[in-house]
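The values are calculated or read from the model by the stated rules, or taken from the named source; none is laboratory data. Please read all numbers here as calculations on a predicted model, not as lab measurements. Ideal geometry is used to build each Cβ from the backbone, glycine not excepted, and the neighbour counts take in all protein chains shown.
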């Protein structure tokens, strides 16, 4: 399917403010970026770089006063994320080098604290994809997905003590549990066509059977077009913006995903 995805961020700052942004999707295995637009108002110089996880990032200094960032892209995406029931666990010694950082505990995914819990959830399931699916089933049953309920970022151990969570929190818990089983897992931030209410979304991927697979505890299935913007160990790596210095006010944030009837011309 073809999707038109857009994001508008509008800020007000009392002083010139350095920003690092992460708002540009890149083409990959299940998405092709055909056309993009990136508008800064007022226009300021920006420099792009690629972070250690391959994300496209932009550096700039926003002027004092109101400043907005509007991005949009036409993207060909899969109708649904692939599933892989029965795909095997890959032993650590056989994993690709680039997956190894996603085995370790991180700031919001303390996988070393979930060893016993993960083993209990995985018991009786074939090692690999099926264990990840069992973890997702547990999270769906233990937590109610409540969009907008989590303003502060919390860790997986804190999430596991609650009954309600946002998409970011549920992804953190899934990542920590997968890593506790020595399955690489990473966080993804992006767009989901069918998300209600519409917003930027977070889910996780786990490396089984020789590739990354999508898991989303917030949704009943993996249908709907997804567009990944950023990948990282947890939320600390995938913030769509970071600002430095005096606080700024986020005045407005608008996200839209529309299915196109045909390929853009």
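For the range 13-27, the set of residues classified as surrounded by 14 or more Cβ atoms within 10 Å (Cβ to Cβ) and part of a strand (DSSP E or B) consists of 13, 17, 19, 20, 21, 22, 23, 24, listed by residue number.
Between a residue in the range 162-188 that is free of Cβ contacts under 8 Å to residues at least 24 places away in the same chain and outside the structural domain of residue 208 (by TED's automatic domain parsing) and any residue that is assigned to a helix (DSSP H, G or I) and surrounded by fewer than 24 Cβ atoms within 10 Å (Cβ to Cβ), which pairs come within a Cβ distance under 8 Å, given they are 6 or more apart or on different chains? Sorted first by the residue in the range 162-188, then by its partner, the list stays empty. Residues in the range 28-52 that are within 29 Å of residue 212 (Cβ to Cβ) and surrounded by 17 or more Cβ atoms within 10 Å (Cβ to Cβ): 30, 31, 33. With respect to residue 71, determine if the residue is in the same structural domain as residue 250 (by TED's automatic domain parsing) and either assigned to a helix (DSSP H, G or I) or within 19 Å of residue 202 (Cβ to Cβ) (or both). Criteria met by residue 71. If the condition is being buried (at least 23 other Cβ atoms within 10 Å of the Cβ) and not in a loop (DSSP other than H, G, I, E, B), then the range 176-201 contributes 176, 177, 178, 179, 180, 185, 186, 187, 189, 191, 192, 201. Of all positions in the range 121-128, none carries a residue that is within 18 Å of residue 219 (Cα to Cα), touching a strand residue (DSSP E or B) at 6+ places or on another chain (Cβ under 8 Å) and crowded, with 18+ Cβ neighbours inside 10 Å.
For the residues 206, 239, 228, the requirement of being farther than 21 Å from residue 22 by Cβ and either at pLDDT below 95 or surrounded by 15 or more Cβ atoms within 10 Å (Cβ to Cβ) (or both) singles out 206.
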